[in-house]
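Just so it is clear, none of the values below were taken in a lab; they were calculated from the coordinates. Since this is a predicted model, take the numbers as computed values, not measurements. Glycine gets a Cβ as well: all are built from the backbone with ideal geometry, and neighbour counts include every protein chain shown.
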């Protein structure tokens, strides 16, 4: 059964996408919360330099040496960006924008100068091709397993183990680094390890989705989850779920529309984010619009209560038509204010007239004292 599974091309492509999504969501959640999400962009581009330098030094196109070199290039990008930002001459985002294009350009230049005839090019590194992962396999227990599946499974295990072992330290380092340092948790070391794992994950994802599409998996699902919950554990679980959902739906739609599989998977992360942005129960655009509408109705109901209290003292008219005329509100707005006041138990109807309840009179007195 396992041999048949690994020989199934569709299963291997989907499994690779799922592994990328899970492995990327683990460090990505903490980077998004820390406000360092775009460091993944810098890392994913700059490790091209690490790949070509390792190739020039050792001739290796893959393997642990290549993985280590690429990861170190990513860390060098972070270190150089922070060093430049500490000069206080440029902001951190500008420092990132200065460092990683320079390192990426240097990597591309070295490829064109010294590795022109080698299967090592920036297009492959940046875009990848998940549809071909089943071609490069390794024998494992009698089955031919795609190398991408093996490497991503190892990285996922490493990331999951790190998050599980250092859960408390990661939370403190992200939310309160000063407290973490005071308690002796070495937040800089913890974040450094997290960025190292991010670099390793990016390198492992090259054959599957490429560097650019990896950025979508490491940033967008956690950002989507952040719109849906404020609890870290739940956010991490939701980020992984969104990533897996994007991989599965992206593959299905890519086949239906005959487009890039990796590109469609990444596009689906954006679709999930857009849905959360609009429909999230508390922070979504629709919820915020309804909240603003509700707040306006509450303000109008308060104004109505004060107006009726003043009319009661002056013996003025208190009908809906008088309300529209005196407050100069459009009739729909006046009706909405009356309905909200009725719903809150602030007014009551008596034929065509509006009367304050005891609660409404008390509310009017409180508002008048402000």
Inset, instruction - For each of 167, 134, 329, count neighbouring Cβ atoms within 10 Å of the residue's Cβ, then give the residues from fewest to most. - result: 167, 329, 134
Inset, instruction - State the three equivalent ellipsoid semi-axes of the chain, derived from the C-alpha gyration tensor as the square roots of 5 times its eigenvalues, in descending order and whole Å. - result: 57, 25, 19
Legend entry - Inter-label distance, nm, simple model (7 Å from Cα along the C-beta direction), residue 258/residue 314: 7.4 nm
Legend entry - Order of 272, 132 under a 10 Å beta carbon neighbour criterion, fewest first: 132, 272
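Let me make sure I get this right: for the stretch 139-294, a, b and c are the square roots of the gyration tensor eigenvalues over alpha carbons, sorted descending. Under 1.5 in a/c it's rounded, otherwise prolate if a/b > b/c, else oblate. Which is it?
Because a/c hits 1.5 or more and a/b fails to exceed b/c, the stretch 139-294 counts as oblate.
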Inset, instruction - Compute the FRET efficiency between residue 351 and residue 274 as 1/(1 + (r/R0)^6), taking r as their Cβ-Cβ distance and R0 = 41 Å, and round to the nearest 0.05. - result: 0.25
Legend entry - Peptides 136-148, 16-28, 97-109 ordered by average Cβ neighbours within 10 Å, highest first: 16-28, 97-109, 136-148
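Could you sort the peptides 242-255, 214-227 by per-residue average Cβ neighbour count (10 Å cutoff), highest mean leading?
214-227, 242-255
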Legend entry - Span from the the stretch 284-334 Cα centroid across to the the stretch 178-216 one, whole angstrom: 53 Å
Inset, instruction - Can you tell me the order of 351-361, 337-347 when each peptide is scored by its average per-residue count of other Cβ atoms within 10 angstrom, highest first? - result: 337-347, 351-361
Legend entry - Calculated [θ] (222 nm, deg cm²/dmol) that DSSP helices of n ≥ 4 give over the chain, each run adding -39,500 (n - 2.57): -26000 deg cm²/dmol
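Apply 1/(1 + (r/R0)^6) to the Cβ-Cβ distance of residue 83 and residue 3, taking R0 = 56 Å, and write down the FRET efficiency to the nearest 0.05.
Rounded to the nearest 0.05, the efficiency is 0.65.
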Inset, instruction - Please give the per residue volume of the convex hull enclosing the alpha carbon atoms of the stretch 286-369, rounded to a whole number of Å³. - result: 97 Å³
Inset, instruction - Sort the stretch 1-85 into rounded, prolate or oblate with this rule: let a ≥ b ≥ c be the square roots of the eigenvalues of the Cα gyration tensor; rounded if a/c is under 1.5, and if a/c is not under 1.5, prolate when a/b is larger than b/c, oblate otherwise. - result: oblate
